[in-house]
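Worksheet for the structure shown next.
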Amino acid sequence: MGLTFQNRGLTIAETDYSYLDEGAYAVIFADKAVGRIVKVFKRRLKEAHVRSVFRAEIDAYDLAASSTEISDLIPGNFQIASPRNILDSHGANITDEFFPDLAFQTDFVEGYFHKIGVIGGAEASRIRQLFRRAGICHTSDMSVTIGPEGCIRKAIDFATVEYELTHDE
């Protein structure tokens, strides 16, 4: 199902960003010392599809940031990024395995993330409704951190619309 980068020791050249995690479409790099992440989308066969996913995510961040109801639920300081070179553990430049122009940064969120569908319940329903009211309709893959009182504190991985993976990607 596409590229996997786990255990390849990835870094963003000339920075302290290193591999943190990855999903179907992107790899997350973190610099915990400065408290930031960079999400860089992987190169796939259908570039237009990946670009649509990227656009749906950045549009969702814009909507969330402008919503007084949910702006505190998302990582702060969102901005488009352009990492220059991505290196593997041997220092080889593997930037061509990514779309470096499809990248963004946010604040790093400390904590353990749960898929919102797994936690369920009234709190998950409340958060999903808040996001839908803001125009963010794809929340089924959303990951959240939960505070000690059981309330959702932060949410990541949401988009204005869902773009399903296809078998040829």
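Please count how many residues of the stretch 50-68 are among the small types (G, A, S) and over 16 Å from R132 (Cβ atoms).
2
Any idea which of A92, A65 is on the phi < 0 side of the Ramachandran plot and in contact with a helix residue (DSSP H, G or I) (Cβ under 8 Å, 6 or more places away or on another chain)? Even if it seems obvious, please write down each step before you answer.
On the way: A92 fails: in contact with a helix residue (DSSP H, G or I) (Cβ under 8 Å, 6 or more places away or on another chain).
Answer to the selection: A65.
Suppose we keep only residues that are within 18 Å of the chain's Cα centre (by Cα) and basic (K, R) within the stretch 90-131. Which one would you say is surrounded by the most Cβ atoms within 10 Å (Cβ to Cβ)?
R128
Please find, within the stretch 62-90, the residue that is farthest from A48 (Cα to Cα) out of those that are touching a strand residue (DSSP E or B) at 6+ places or on another chain (Cβ under 9 Å) and free of Cβ contacts under 8 Å to residues at least 40 places away in the same chain.
D72
Limited to the stretch 6-39, what total is found for residues that are closer than 13 Å to D107 by Cβ, of a type in the set (G, A, S) and surrounded by 17 or more Cβ atoms within 10 Å (Cβ to Cβ)?
Qualifying residue count for the region: 1.
Name the residues in the stretch 132-147 that are within 18 Å of A24 (Cα to Cα) and surrounded by 18 or more Cβ atoms within 10 Å (Cβ to Cβ), would you?
Those that are within 18 Å of A24 (Cα to Cα) and surrounded by 18 or more Cβ atoms within 10 Å (Cβ to Cβ): H138, T139, M142, S143, V144.
Applying the selection to the stretch 20-35, what residues are over 10 Å from the mean Cα position of the chain (by Cα) and among the charged types (D, E, K, R)?
D31, K32
For the stretch 26-36, state whether one or more residues are in contact with a helix residue (DSSP H, G or I) (Cβ under 9 Å, 6 or more places away or on another chain), aliphatic (A, V, I, L, M) and under 13 Å from I156 (Cβ atoms). I'd like the intermediate steps shown before the answer.
Quick first cut of the stretch 26-36, residues in contact with a helix residue (DSSP H, G or I) (Cβ under 9 Å, 6 or more places away or on another chain) only: 26.
Narrowing further to those that are aliphatic (A, V, I, L, M): 26.
From what's left, under 13 Å from I156 (Cβ atoms): 26.
Yes, some residue in the stretch 26-36 is in contact with a helix residue (DSSP H, G or I) (Cβ under 9 Å, 6 or more places away or on another chain), aliphatic (A, V, I, L, M) and under 13 Å from I156 (Cβ atoms).
How many residues, within the stretch 132-150, are over 19 Å from the mean Cα position of the chain (by Cα) and either modelled with pLDDT of 95 or more or basic (K, R) (or both)?
The qualifying residues number 1.
Output the residue which, of all residues in the stretch 123-140 that are in contact (Cβ under 8 Å) with a residue 60 or more places away in the chain and not small (G, A, S), is nearest to A60 (Cα to Cα).
Taking the candidates together, the pick is I136.
The values are calculated or read from the model by the stated rules, or taken from the named source; none is laboratory data. On a predicted model such as this, the values are computed, not experimentally measured, just so you know. Positions of Cβ are backbone-derived with ideal geometry, glycine not excepted, and every protein chain shown enters the neighbour counts.
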